[in-house]
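The values are calculated or read from the model by the stated rules, or taken from the named source; none is laboratory data. In this text the structure is predicted, and so the values were computed from the model without any measurement. Virtual Cβ from ideal backbone geometry, glycine too; neighbours counted across all protein chains shown.
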Amino acid sequence: MKRWTRDEMAARVARDIPDGSYVNLGIGLPTLVANHIPPDREVIIQSENGVLGAGPTPAKGQEDPELINAGKQPITLLKGGAFFHHADSFAMMRGGHLDYCVLGAFQVAVNGDLANWHTGAPDAIPAVGGAMDLAIGAKRVLIMMEHLTKSGESKIVPACTYPLTGMGCVNRVYTDLAVIDITPQGLVVRDCVDGLSFDELQRLTGVPLRPAERT
Amino acid sequence: MINKIVASAEAAVADIKDGSTVMISGFGGAGMPVALVDALIAQGARDLVIVNNNAGNGETGLAALMKARRVRKILCSFPRQADSYVFDGLYRAGEIELEVVPQGNLAERIRAAGAGIGGFFTPTGYGTLLAEGKETREIDGRQYVFESPIHADVALVRADRADRWGNLTYRKAARNFGPVMATAAKCTIVEVREVVELGAIDPEHVVTPGIFVQRVVKVGGMGRTA
């Protein structure tokens with residue numbers, strides 16, 4: 001079965017983010033989206049640690065330990081960028097000023113519940129960071145994740161079994177197999193990897209899907 | 001005459017008592033007041049409650065304080081990192097208490113303390129483990145969770161420049177929690193790269209006004225890229 005690569009997934013997300021958007025990218029897979037913003041668009045990337053206008057990774061030797069992103073990786077600042085303190089940074093999220101956030105996930109439920117911070121395992125050290133604030137704050141919450149777990153189970157589930165990050169907060173899921181909207185009327189498939197039939201995607205996903213044509 | 005400049009980091013932290021709640025600025029290593037934390041380790045105060053975004057990196061700064069067994073409890077949003085092995089070991093051995101706080105709640109609870117707010121309702125965390133047992137309220141059709149302020153006895157903050165009145169500027173993303181923590185402690189102690197003459201900081205550029213600052217120590221640069 002063909003799957004989208006991580007960069008193909010990131011490019012697919014980037015294609016859907018319009019010119020002029022303010023966007024927060026979660027650590028890990030979502031960070032790749034920054035590399036795929038079409039050059040004719042101005043998209044302003046917010047980093048939770050007090051940066052608007054985050055730019056590309058600096059050249060080797062040009063890193064500044066006081067200019068980093070949420071993943072603590074060195075970044076640069078674009079012309080027009082700004083620094084601010086943490087309460088302002090999270091006012092941008094909680095206050096509904098961010099157009100999009102892109103987050104990773106362990107599970108997304110059919111009602112838009114998100115689980116992405118804690119497996120709940122007894123020996124796991126819980127770490128939430130800004131995920132709960134982003135989940136309830138951004139105007140649209142986009143999720144990037146693999147469609148299936150390593151053992152082949154769908155990560156889109158009837159109800160999350162891992163501890164929740166936010167309730168009913170997810171708008172759209174980008175996986176390595178499909179792009180799926182979470183709507184009050186259920187899950188709607190917007191796009192699908194070449195060669196994968198709707199029936200096969202339905203079989204792999206388990207929860208009821210609808211093709212976009214019927215909406 | 002007001003002069004908040006203190007001669008050394010040792011002198012600045014000398015009166016921190018056992019059992020104090022200490023806020024430490026920084027996001028990972030950016031903005032971590034390493035000289036003040038080192039002085040606190042040497043000073044010997046123990047049984048501390050620490051407020052920081054993370055739970056230490058490597059074996060410097062906050063990680064060194066924990067390694068010296070001075071920390072009873074930590075409030076943070078993101079303890080688990082690639083190089084948080086000092087905390088990980090203490091936590092798994094049951095030797096440190098952890099309160100995980102969503103990052104925006106951490107910042108706003110600190111801000112509330114500094115602003116004299118008795119708490120606030122936020123949608124963050126509603127319906128999750130981190131809101132269990134907390135008061136909730138529906139406001140205009142949306143569910144909110146009540147969060148209380150976090151006050152501190154001491155805040156240790158890294159800034160870039162200060163004058164003798166304690167006016168501060170910060171550098172790049174090292175600002176992070178510094179300005180809110182400076183407002184929320186009974187005693188805010190700041191380490192800076194540079195102390196400048198009164199008036200040398202453009203009033204339009206002051207980020208933390210001196211009223212929030214009690215002590216300033218010049219420790220120089222981070223020994224890193226300018």
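For A:A127, indicate whether it is of a type in the set (A, V, I, L, M) and under 21 Å from B:R142 (Cβ atoms). Here the answer is no, as A:A127 does not meet what is asked. Scanning the stretch A:120-160 for residues that are within 16 Å of A:A109 (Cβ to Cβ), among the β-branched types (V, I, T) and assigned to a loop (DSSP other than H, G, I, E, B) yields a single hit, A:T149. Checking each residue in the stretch B:99-117 for being part of a helix (DSSP H, G or I) and β-branched (V, I, T) picks out only B:I110.
It is to be established whether one or more residues within the stretch A:52-72 are surrounded by 20 or more Cβ atoms within 10 Å (Cβ to Cβ), under 22 Å from B:L130 (Cβ atoms) and β-branched (V, I, T). Scanning the stretch A:52-72 turns up no residue that is surrounded by 20 or more Cβ atoms within 10 Å (Cβ to Cβ), under 22 Å from B:L130 (Cβ atoms) and β-branched (V, I, T).
For A:A138, indicate whether it is away from every other protein chain (no Cβ under 11 Å), within 23 Å of A:D19 (Cα to Cα) and surrounded by 20 or more Cβ atoms within 10 Å (Cβ to Cβ). Taking the combined requirement at face value, the residue satisfies it.
Residue-by-condition table, conditions (1) farther than 20 Å from A:A131 by Cα; (2) acidic (D, E); (3) within 7 Å of chain A (Cβ to nearest Cβ):
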site	(1), (2), (3)
B:A93	yes, no, no
B:R111	no, no, yes
B:G114	yes, no, no
B:E132	no, yes, no
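Name every residue in the stretch B:47-98 that is among the polar types (S, T, N, Q), in contact with a Phe, Trp or Tyr (Cβ under 7 Å, 6 or more places away or on another chain) and either part of a strand (DSSP E or B) or touching a residue at least 60 places away in the same chain (Cβ under 8 Å) (or both), in order of residue number. Passing the criteria: only B:N53. Screening B:K186, B:K172, B:K218 for residues that are surrounded by fewer than 24 Cβ atoms within 10 Å (Cβ to Cβ) and in contact with a Phe, Trp or Tyr (Cβ under 9 Å, 6 or more places away or on another chain) leaves exactly one candidate, B:K172. Only one entry in B:I189, B:I139, B:I110 is under 28 Å from A:C169 (Cα atoms) and in contact (Cβ under 8 Å) with a residue 40 or more places away in the chain, namely B:I110.
So that you can scan it fast, the table gives a plain yes or no per residue for (1) hydrophobic (A, V, I, L, M, F, W, C); (2) more than 9 Å from chain A (Cβ to nearest Cβ); (3) in a strand (DSSP E or B):
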residue	(1), (2), (3)
B:G127	no, no, no
B:E138	no, yes, yes
B:V145	yes, yes, yes
B:D153	no, yes, yes
B:R158	no, yes, yes
B:G166	no, yes, no
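For the stretch B:61-71, a residue qualifies if it is closer than 15 Å to B:A82 by Cβ and modelled with pLDDT under 95, but none of them does.
Of all residues in the stretch A:71-113, those that are more than 24 Å from A:D16 (Cβ to Cβ), part of a strand (DSSP E or B) and in contact with a Lys or Arg (Cβ under 9 Å, 6 or more places away or on another chain) total 2.
Just to be sure before I move on: is A:G195 surrounded by 23 or more Cβ atoms within 10 Å (Cβ to Cβ) and part of a loop (DSSP other than H, G, I, E, B) in the structure I sent? The answer is no for A:G195.
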